[in-house]
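The values are calculated or read from the model by the stated rules, or taken from the named source; none is laboratory data. Here the structure is a predicted model, which is why all the values come from computation and not from measurement. Counting neighbours? That spans all protein chains shown, and the Cβs are built from the backbone with ideal geometry, glycine included. Quick note on the areas: whole protein, heavy atoms, side chains included, nothing else; ligands and nucleic acids left out. Shrake-Rupley method; radii C 1.70, N 1.55, O 1.52, S 1.80 Å.
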Amino acid sequence: MDLNSLIRSKKLQLKKCKTIVTNMLGQKYVEIDGINTELSSTAMPFVIDDRPDLQIAHVIQGLFLSSQDPVVSKEILQKRKIRHVLSIGIDASVKFDDIKYYYCDLLDLPESDLLIAIKKCIKIIHEHRDENILVHCNAGVSRSPAIVISYIMAYEKISYDDAYNKVKSVRNCIKPNEGFVQQLKKAQLSNIL
């Protein structure tokens, strides 16, 4: 039996299956015989984590980093004497009268232009570090760490790797997406402050 005959024979033995694909918008498609059909229900384009992450990392004097979870706790914010909250890509759902809130739009996608956000956020952080500022995003893993790393790079005039290691040492779960990492490694931030 030649190779082509063997392949045809093996293909006939394969079981049909369907593949369900979820895109970045949460739309689900089923693929059968190479044809995509959209399924009626949509899901979230991310995994929902129902366990709160209430940890706040103290990065440097006056600069803190977290997920969105501590932002809704007055007690946690008061304990750290947080007077300013900078939300990256996700607005604070609860706001307290004695805290000032800032928002920067940024999607956690490798192709998002991080440098536009950096210019806005570094200024906000620098102006409010003396009254303690907390920088957060949804999970405190990619967007807000990327912003905090950029601030450390600019403020301390150090490389991406050194700033990353400094932030990683206080919040072990950080992992900026690869697009952010590449942009930060190329960024000239030493003259931004």
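Which residue pairs have Cβ atoms under 9 Å apart, sit 6 or more places apart or on different chains, and have a first residue in the range 75-98 that is touching a residue at least 24 places away in the same chain (Cβ under 8 Å) and closer than 12 Å to Cys137 by Cβ and a second that is in a loop (DSSP other than H, G, I, E, B) and among the β-branched types (Val, Ile, Thr)?
Close Cβ pairs satisfying both conditions: Val85/Ile99; Ala92/Ile99.
If you scan the range 117-127, which residues turn out to be out of contact with any Phe, Trp or Tyr (no Cβ under 6 Å at 6 or more places or on another chain) and surrounded by 19 or more Cβ atoms within 10 Å (Cβ to Cβ)? Working first, answer last.
At the first step, the residues of the range 117-127 found to be out of contact with any Phe, Trp or Tyr (no Cβ under 6 Å at 6 or more places or on another chain) are 117-121, 123, 126-127.
Scanning the range 117-127 gives Ala117, Ile118, Cys121.
So which residues in the range 9-33 are loosely packed, with under 10 Cβ neighbours inside 10 Å and assigned to a helix (DSSP H, G or I), if there are any at all?
Lys10, Lys11, Leu12, Gln13, listed by residue number.
Filter the range 77-97 down to the residues that are farther than 16 Å from Ser144 by Cβ and either open to solvent by less than 70 Å² (accessible area, probe 1.4 Å) or assigned to a helix (DSSP H, G or I) (or both) and list them by number.
If the condition is that a residue be farther than 16 Å from Ser144 by Cβ and either open to solvent by less than 70 Å² (accessible area, probe 1.4 Å) or assigned to a helix (DSSP H, G or I) (or both), then Gln78, Lys79, Val94, Phe96 are the ones that fit.
So, Ile174, is that one closer than 15 Å to Gly62 by Cα, at pLDDT 95 or above and not acidic (Asp, Glu) or not?
Spelling it out, it is not the case that Ile174 is closer than 15 Å to Gly62 by Cα, at pLDDT 95 or above and not acidic (Asp, Glu).
In the range 138-157, which residues are among the aliphatic types (A, V, I, L, M), at pLDDT 95 or above and part of a loop (DSSP other than H, G, I, E, B)?
Once the filter is applied, which keeps residues that are among the aliphatic types (A, V, I, L, M), at pLDDT 95 or above and part of a loop (DSSP other than H, G, I, E, B), the range 138-157 yields only Val141.
Yes or no, residue by residue, for (1) among the hydrophobic types (A, V, I, L, M, F, W, C); (2) in contact with a Ser or Thr (Cβ under 6 Å, 6 or more places away or on another chain); (3) in contact (Cβ under 8 Å) with a residue 60 or more places away in the chain:
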{"residue": "Ala154", "(1), (2), (3)": "yes, no, no"}
{"residue": "Tyr160", "(1), (2), (3)": "no, no, no"}
{"residue": "Ala163", "(1), (2), (3)": "yes, no, no"}
{"residue": "Val167", "(1), (2), (3)": "yes, no, yes"}
{"residue": "Arg171", "(1), (2), (3)": "no, no, yes"}
{"residue": "Pro176", "(1), (2), (3)": "no, yes, no"}
{"residue": "Gly179", "(1), (2), (3)": "no, no, yes"}
{"residue": "Lys185", "(1), (2), (3)": "no, no, no"}
{"residue": "Asn191", "(1), (2), (3)": "no, no, no"}
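Quickly run through the range 161-193 and pick out the residues that are assigned to a helix (DSSP H, G or I), over 17 Å from Glu111 (Cβ atoms) and open to solvent by less than 20 Å² (accessible area, probe 1.4 Å). Break it down into steps so the answer makes sense when it comes.
Going residue by residue through the range 161-193, those that are assigned to a helix (DSSP H, G or I) are 161-168, 178-186.
Still in the list and also over 17 Å from Glu111 (Cβ atoms): 161-168.
Residues satisfying the conditions are Ala163, Val167.
If I filter the range 98-110 down to residues being of a type in the set (D, E, K, R) and more than 13 Å from the chain's Cα centre (by Cα), which single residue comes out as surrounded by the fewest Cβ atoms within 10 Å (Cβ to Cβ)?
Looking at residues that are of a type in the set (D, E, K, R) and more than 13 Å from the chain's Cα centre (by Cα), I get Asp98.
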